[in-house]
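A short worksheet on the structure shown next.
Just so you know, all these numbers are worked out from the coordinates, no wet-lab data involved. Model, not experiment: these values are computed from the prediction. We place every Cβ from the backbone using ideal geometry, glycine too, and count neighbours over all the protein chains shown.
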Amino acid sequence: MKKIIALALALTLCLSVLAFAGAEEAITLKIAHIGPLTGAAAVYGTATSRGARIAADEINAAGGKYKVEIIDEDDTHDAETAVNAYNTAMDAGAQMIIGTTTTTPCIAVGAVAYEERVFMLTPSASSTAVTADKDNVYQVCFTDPAQGAASAEYIAEHKLATKVAVIYNNADAYSTGIYQTFSEKAPEVGLEIVSTTTFTDDTTDFSVQVADAQNKGAELVFLPIYYTPASQILITANSIGFKPVFFGVDGMDGILSIEGFDTTLAEGVMLLTPFSADAEDEKTQKFVATYKELYDEIPNQFAADAYDGVYALVAAAEKADVKDGEKAEDICDRIIAAMQEIEVTGVTGTMTWSANGEVTKTPTAVIIENGAYVGFNK
Amino acid sequence: MIFLSNLVNGISLGSIYAIIALGYTMVYGIAKMLNFAHGDVIMVGAYVAFCALQYWGLPPIAALLVAMVLCTVLGITIEGLAYRPLRQATSLAVLITAIGMSYLLQNLALLIWGANPKSFPAAVMIPIPMISLFGGRLNISGVTLIAILANLVIMAVLTAFISRTKLGKAMRCVSEDRGAAELMGINVNRTISATFAIGSALAAVAGILLCSAYPTLMPTTGSMPGIKAFTAAVFGGIGSIPGAMIGGILLGVIEILGKAYISTELGDAIVFAVLIIVLLFRPTGLLGRPVREKV
């Protein structure tokens, strides 16, 4: 009997030593992902969620100082729902946020997170309103002004057109933001905006907007809008035989995954994005391969931004020396300081951040060929 | 030529509003209630047709029939479950029930078909090539032609049905005086059910035409066109069948011309401003019958 007890004690000792060794290693970071998993913008939220999960799995498998636990919340691309999703995530013990995916909810959540001192890194909400007057919100993607101005420069530099039409959603902060900087930059680089028309979220008919662009002789139509109305515009343009170059921004990403949409209509559509799935660096290829294996799809820019975002958060946590179980409000200021110091090389390029939360990296354009995104610069 | 092309686009949009407005006006004219869920029955019709074409591989005619049958069943069910128990309630209660029904349908669609937008296979549904006039400067799509044709046929059939058949006569009686009709031995509930059945079958046709012309299909697809069509029905004189058609087409033309020549930003504002002006001068709409209050 004594022997058995001794054996049991010895075993317990062994186990506890093992357990102790394990506990010393990984600190779990609880990162909340908030984005539209359902609703009109679901393609984006699903992509950012998947990108973040792949990054988390890789980090956990690599077995570094931190383990990452993703808390997924759905905001349906709605400001009120987003704040509720944020509250749910915070109740579940989130320490920082990768999100929110889209601009309007991000502004709403950002305001609450600023008050409560929670650090947010949005993968893809690109309006300057997202970071304005809030020291706790950072972006992985370009800001809208950067996208608008960069698009104008890109079009001029590559001589894609001189006469340009713009169709934008004047009920949407994202779309309007890009339009404004585009229209300011265009004359400087020698582009002539011949037609500017708008629509709102409820618009069903785009014939006037497309016809106006056609009648004013536009060679290129700039679409700083999301992919759902963009698909309607492509269909309308095709039905009246109007074939300009269509140039979109990151919101265009997703146009190939609309069920039932004739993707041949999207052939030749260009979009400005820092991520191209056919890039040849090792990081991108690995990420694309994992994504394809798990979800049977080629990852878009949103997935890539979220993937890089999780790596950036972990890098910042490491720099800020986040300890096990620290609360969101206690680490917020340290993370902010760390974000300005780190340099992260991910699948969307090498990124550094300025104090206002904006990222610095280089944009490239991709073109849709045979139903896939292909780098345009090659 | 640009004007003509805008006019054609306006008529195309208007004829779709008109078909939706016919459903509104039928139900209002006879059951004296505003069925705000009509726009969402349209959405269901479009989804059913989408499934029939994409998943079940049915030909367009069969897809149309399946959508019409399912929408008819849906319409009768909604009427029986939600509106019939409220027959004696105030019109406000019925109105709010209809709005609730509208949200219920939208959220059910969200549950069944998901949130990602689908693109309606318009070319499969209506395989009629576009007609190009004046060397391609004026294009009239097959959907436009079908929509206008469908409007005329539906209007003629409905008018004949209401003035010639026994059920049509019963509908007019119920519309005029529900109590007296009941005393004369007319089954009011059955008559109103029949009205909903016709209105919902029309909604299926409207949904298919709407999504053939503007292919994005989402759970909220029916709501804005529904409201615009309701406006069209009021504009033309709610309860009047030719009024719904004229109102719908005028509304579409005003919307497109307003966007083309005044401002795309003000498109919807112009539409609703016109409605207000018309109602100020003709409170019963363009073809509505003025009703004198007897003292």
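At a glance:
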{"item": "Student exercise, the range A:145-273 dipole from Lys, Arg, Asp, Glu Cβ charges, in Debye to nearest 20", "result": "360"}
{"item": "Calculated from backbone phi, Karplus (6.51, -1.76, 1.60) coupling profile of the range B:191-203 in Hz, x at Gly/Pro", "result": "4, 5, 4, 4, 4, 5, 4, 5, x, 6, 5, 4, 4"}
{"item": "Quotient of C-alpha Rg and 2.2 N^0.38 Å, computed over chain A", "result": "1.09"}
{"item": "Per residue convex hull volume, Cα atoms of chain B, in Å³", "result": "140"}
{"item": "Burial ranking of peptide ranges A:266-276, B:11-21, A:116-126 (average Cβ count within 10 Å, highest at the top)", "result": "B:11-21, A:116-126, A:266-276"}
{"item": "22 Å tail of the calculated P(r), the range A:278-378, as % of Cα pairs", "result": "41"}
{"item": "Cα gyration tensor shape of the range A:41-141, rounded if a/c is under 1.5, else prolate or oblate by comparing a/b with b/c", "result": "prolate"}
{"item": "Cβ charges +1 (Lys, Arg) and -1 (Asp, Glu), total dipole of the protein assembly as shown, debye", "result": "3420"}
{"item": "Relative contact order of chain A, defined on C-alpha pairs under 8 angstrom at six or more residues apart (%)", "result": "17"}
{"item": "For the range B:214-223, Karplus couplings with θ = phi - 60° (6.51, -1.76, 1.60), whole Hz, Gly/Pro x", "result": "10, x, 5, 10, 9, x, 9, 3, x, 6"}
{"item": "For the range A:93-226, diffusion coefficient by Stokes-Einstein and Kirkwood Rh (Cα), 25 °C, 0.890 mPa s, µm²/s", "result": "154"}
{"item": "Packing rank of A:305-311, A:77-83, where each peptide gets the mean count of other beta carbons within 10 Å, highest leading", "result": "A:305-311, A:77-83"}
{"item": "Spin-label pair A:Val189/B:Ala180, simplified geometry with 7 Å Cα→Cβ offset, distance in nm", "result": "7.4"}
{"item": "Leading residue at positive end of dipole, the protein assembly as shown (Cβ point charges), from A:Leu121, B:Ile42, A:Ile336", "result": "B:Ile42"}
{"item": "Percent of Cα-Cα distances greater than 14 Å, calculated over the range B:8-99", "result": "71"}
{"item": "Max mean-square fluctuation residue, GNM over chain B, Cα-Cα springs under 10 Å, options B:Pro85, B:Pro121, B:Pro283", "result": "B:Pro85"}
{"item": "Compactness relative to 2.2 N^0.38 Å, alpha carbon Rg of the range A:206-325", "result": "1.38"}
{"item": "Whole-number percent relative contact order across the range A:145-273, with pairs defined as alpha carbons under 8 Å at least 6 apart", "result": "25"}
{"item": "DSSP loop trypsin sites (Lys or Arg not before Pro) with at most 16 other Cβ within 10 Å: longest gap in chain B", "result": "B:138-291"}
{"item": "Cα-based Rg and Dmax for the protein assembly as shown, where Dmax is the largest Cα-Cα distance (Å)", "result": "28.9, 107"}
{"item": "Calculated from backbone phi, Karplus (6.51, -1.76, 1.60) coupling profile of the range A:197-211 in Hz, x at Gly/Pro", "result": "10, 10, 8, 10, 4, 8, 5, 9, 10, 10, 4, 5, 4, 5, 5"}
{"item": "Listed residue (B:Ile128, A:Ala277, B:Ala269) projecting farthest to the positive dipole end of the protein assembly as shown, Cβ model", "result": "B:Ile128"}
{"item": "Test item: A:192-203 mean partner chain Cβ contacts at 10 Å", "result": "3"}
{"item": "By average C-beta atoms within 10 angstrom, highest first, the peptides A:43-49, B:261-267, B:247-253", "result": "A:43-49, B:247-253, B:261-267"}
{"item": "For residues of B:260-266, the mean tally of beta carbons on other chains within 10 Å", "result": "4"}
{"item": "Positive-end residue, the range A:145-273 charge dipole about Cα centroid, Cβ charges, pick of A:Gly260, A:Val210, A:Ala146", "result": "A:Val210"}
{"item": "Charged-residue dipole, Cβ positions (Lys, Arg, Asp, Glu), chain B about Cα centre, Debye nearest 20", "result": "620"}
{"item": "Shielding by partners, peptide B:214-221 (average Cβ within 10 angstrom, other chains)", "result": "5"}
